[in-house]
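The values are calculated or read from the model by the stated rules, or taken from the named source; none is laboratory data. Predicted model, so just to flag it, every value in this text is computed and none were measured. Note that we place each Cβ from the backbone using ideal geometry, even for glycine, and neighbour counts take in every protein chain shown.
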Amino acid sequence: MTDNQPANSGPSGIPDRIDTSVPHSARFWNYLLGGKDNYEPDRQVGDYIKEHMPGLVDVARTSRHFLARAIRYLVLEEGIRQFLDIGTGLPTADNTHEVAQRAAADSRIVYVDNDPLVLAHARALLTSTPEGVTAYIDADVRDPEGILTAAEKTLDLGKPVALVLMGIMGHIKDFDEAKSLIQRLLAPLAPGSFLVHYDGTNTTEQMVAAEEEYTASGAVPYYVRGPEQIEAAFEGLEVVAPGVVRLPEWRPEFDGFGGPAAVDAFGGVGRKPLA
């Protein structure tokens, strides 16, 4: 992604395959986070969620904070310098490359998404320190082998890589399939690699209702899971303390302002064993 305009785009630079008549997860999430890269259907669902199911707004915000804490931990405490972020979403504040390269300028990041609007905004994700690298792959999480082949152009898979899956596997209806995709992505990565993963959970009636409302809007469905399923996604990995927990509980950084005591999203960080 070094051209000024993505492939298959119209005169505005926005790819032709964007459907603005129904909500889309990346645009909807962008709206919940206060962004401007969204359309009226995204805002209509977002406004309904904000009024009737504000807990999902907390999930959106705390997931960004969790991502930043996890990336800083991996760079500063585990020495990770390579990141494969799948299901990137639209650029917001504190994207993976920004957090990683602030901590270590030589960090290398590959973003992966198949959303056409994310593709159109990919240049914002490709800024990098001179010492580091960022790249973007237009691909679907259902094609792990294709993703890894493309990622090898930027990342050395013979060295530890952090696989970042933030709120994306909920789009895979069958949990066994979702778990298999994660395992296929991890399998070729070097020992000492990490998984950073979270998804929304069915831990309150409000969250289940939010899922149903979002799906009824015509958007690509998202399936909330039980916390035990989120934990099962880390099978075979050494889970970093404090484990697979509600997002605000994962190595919290107190800023004096506090935060939601509980959100309907669980996540964690796991290490691929060295032996």
Inset, instruction - For ILE80, indicate whether it is surrounded by 21 or more Cβ atoms within 10 Å (Cβ to Cβ), under 16 Å from the mean Cα position of the chain (by Cα), within 20 Å of PRO188 (Cα to Cα) and hydrophobic (A, V, I, L, M, F, W, C). - result: no
Inset, instruction - Considering only the stretch 187-205, state which residues are buried (at least 20 other Cβ atoms within 10 Å of the Cβ) and under 21 Å from VAL245 (Cβ atoms). - result: PHE194, LEU195, VAL196, HIS197, TYR198, ASP199, GLY200, THR201
Inset, instruction - Return yes or no: is ASN95 under 19 Å from ARG61 (Cα atoms) and of a type in the set (S, T, N, Q)? - result: yes
Inset, instruction - Would you be able to say whether some residue in the stretch 206-216 is small (Gly, Ala, Ser), exposed (fewer than 14 other Cβ atoms within 10 Å of the Cβ) and under 30 Å from ARG43 (Cβ atoms)? - result: yes
Inset, instruction - Quick one: VAL263 ticks every box in (1) modelled with pLDDT of 95 or more; (2) farther than 29 Å from ASP106 by Cα; (3) touching a Lys or Arg at 6+ places or on another chain (Cβ under 8 Å); (4) among the β-branched types (Val, Ile, Thr) except a single one, so which number is it? - result: (1)
Inset, instruction - Exactly one condition in (1) under 25 Å from TYR39 (Cβ atoms); (2) crowded, with 19+ Cβ neighbours inside 10 Å; (3) in contact with a Phe, Trp or Tyr (Cβ under 8 Å, 6 or more places away or on another chain) is not met by ALA120; state its number. - result: (3)
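Name the one entry in GLY236, GLY200, GLY192 that is part of a loop (DSSP other than H, G, I, E, B), in contact (Cβ under 8 Å) with a residue 60 or more places away in the chain and small (Gly, Ala, Ser).
Answer to the check: GLY192.
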Legend entry - Matching residues, the stretch 157-177, being assigned to a strand (DSSP E or B) and under 17 Å from ASP106 (Cα atoms): ALA162
Inset, instruction - Select from the stretch 149-158 the residues that are of a type in the set (A, V, I, L, M, F, W, C) and touching a strand residue (DSSP E or B) at 6+ places or on another chain (Cβ under 8 Å) and write down the one among them that is nearest to ILE86 (Cα to Cα). - result: ALA151
Legend entry - Selected residue (only one of TYR214, TYR222 is under 21 Å from LYS50 (Cα atoms) and either more than 18 Å from the chain's Cα centre (by Cα) or of a type in the set (S, T, N, Q) (or both)): TYR214
Legend entry - Candidates GLU253, GLU228, GLU235, filtered to the one that is under 20 Å from GLN206 (Cα atoms), over 19 Å from the mean Cα position of the chain (by Cα) and either modelled with pLDDT of 95 or more or of a type in the set (Asp, Glu) (or both): GLU228
Inset, instruction - Select from the stretch 27-61 the residues that are within 16 Å of LEU117 (Cα to Cα) and at pLDDT below 70 and write down the one among them that is surrounded by the most Cβ atoms within 10 Å (Cβ to Cβ). - result: PHE28
Inset, instruction - Report whether or not ASP176 is surrounded by fewer than 21 Cβ atoms within 10 Å (Cβ to Cβ) and either within 18 Å of the chain's Cα centre (by Cα) or not hydroxyl-bearing (Ser, Thr, Tyr) (or both). - result: yes
Inset, instruction - Identify the residue in the stretch 173-213 that is at pLDDT below 95 and aliphatic (A, V, I, L, M) and, among all such residues, is nearest to GLU78 (Cα to Cα). - result: MET207
